[in-house]
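Notes for the one structure printed next.
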Amino acid sequence: MASIRYPPLGQIHVSFGDIHLTPGVANHRLVLSVQMTGTWLDPQDPESNAQVLLTGTVWTEQPSFRWVAGLEARVVTLRGYAAGEELVVSLADDQLIGLERARGQDDVALRLKLQATLLAAPSGVHPAGHEELPVRIPRTRWQELLDQAGAEVGVLVRVSSPLTDAALDLLPAASDEAAASLAQAAARLRQARAELRDQRSEHSVATCRRVLENISRLVSLPSAKSVAETPAARRTQEQRWAAIYWDVKSMVNAAHHDDSTTEGFTWSRPDADAILAATAGLLGRYTAGK
């Protein structure tokens, strides 16, 4: 329950009900059902009402106070009795997954900063009222909401993506293309994702090859030869990671190479999906903390 005050006129009482999630295409509507009442309005008079513009912002309290999204602005009609309305927040796939990761094993803890502006405030009444209140989504209900989104939500692989490499100790390189650059690798990864979105599977795989090449410039990897010469059961953890790297690298080397060694290679959307996920995972693992 929240109360927004407009002295000396009265208050708007807001009580929260259920929360729903309407799945969309890479963007989803989180709907908070509310009941709103204007205390200065006559509940017995159907002509007694007031128009109010609702706006606001939503923040997360996990792991710290951070911006999530703005409420969709809407005009509602207040009555002297409780009338149902909806507060709507648009959330992209990445935001849903980010909220799920941040909550850990807890409820989803949000903080709503709500503003209600009277569109025809009486003389002497300040038209804008504010209230800040917590909104908790129980973890069981949150899991139900995510289940509703189902296959509409993709998997997010989190990769460090700096805008510059100023803080990195880079290896010397003969050209920009051969530079050890985390920013460049992250930019290439975004390019590969865009190419995949545009149904350019082979181009996406080829761009992933350039990301993998940059990884080998950023970090020191066990060589493919040393990995191959060590029995699988005797490999160290780093050698086993390197084995994954070299196998993925071998696969993507076939993209854009039209010769006898790649004859018959085709790149479907599921192929490119798998390569992009593997490349993003390797980039994230090898550059963690940089």
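Just one residue in the set Arg209, Arg190, Arg217, Arg197 is assigned by the TED database to the domain that holds Gly284, over 23 Å from Trp241 (Cβ atoms) and modelled with pLDDT of 85 or more; that residue is Arg190.
For segment 1-11, the candidate set comprises residues that are part of a loop (DSSP other than H, G, I, E, B) and in contact (Cβ under 8 Å) with a residue 24 or more places away in the chain; within that set, the residue that is least open to solvent (accessible area, probe 1.4 Å) is Leu9.
Considering segment 50-80, the residues that are out of contact with any Gly (no Cβ under 8 Å at 6 or more places or on another chain), in a loop (DSSP other than H, G, I, E, B) and surrounded by 15 or more Cβ atoms within 10 Å (Cβ to Cβ) include one that is modelled with the highest pLDDT, namely Glu72.
Taking Val14, is it of a type in the set (A, V, I, L, M, F, W, C), within 14 Å of Glu85 (Cβ to Cβ) and either in a strand (DSSP E or B) or touching a residue at least 24 places away in the same chain (Cβ under 8 Å) (or both)? Considered against the rule, which asks whether it is of a type in the set (A, V, I, L, M, F, W, C), within 14 Å of Glu85 (Cβ to Cβ) and either in a strand (DSSP E or B) or touching a residue at least 24 places away in the same chain (Cβ under 8 Å) (or both), Val14 comes out as yes.
Here is a check on your reading of the model: is Lys225 assigned to a helix (DSSP H, G or I), over 31 Å from the mean Cα position of the chain (by Cα) and modelled with pLDDT of 90 or more? It is true that Lys225 is assigned to a helix (DSSP H, G or I), over 31 Å from the mean Cα position of the chain (by Cα) and modelled with pLDDT of 90 or more. If you go through segment 32-49 and pick out every residue that is surrounded by fewer than 16 Cβ atoms within 10 Å (Cβ to Cβ) and under 29 Å from Glu144 (Cα atoms), you end up with 2.
The values are calculated or read from the model by the stated rules, or taken from the named source; none is laboratory data. From a predicted model like this one, the values you see are computed outputs, not experimental measurements. Neighbour counts run over all protein chains shown; Cβ positions are idealised from the backbone, glycine included. Side chains are part of the model used for accessible areas, which takes the heavy atoms of the whole protein and leaves out ligands, DNA and RNA. Shrake-Rupley method; radii C 1.70, N 1.55, O 1.52, S 1.80 Å.
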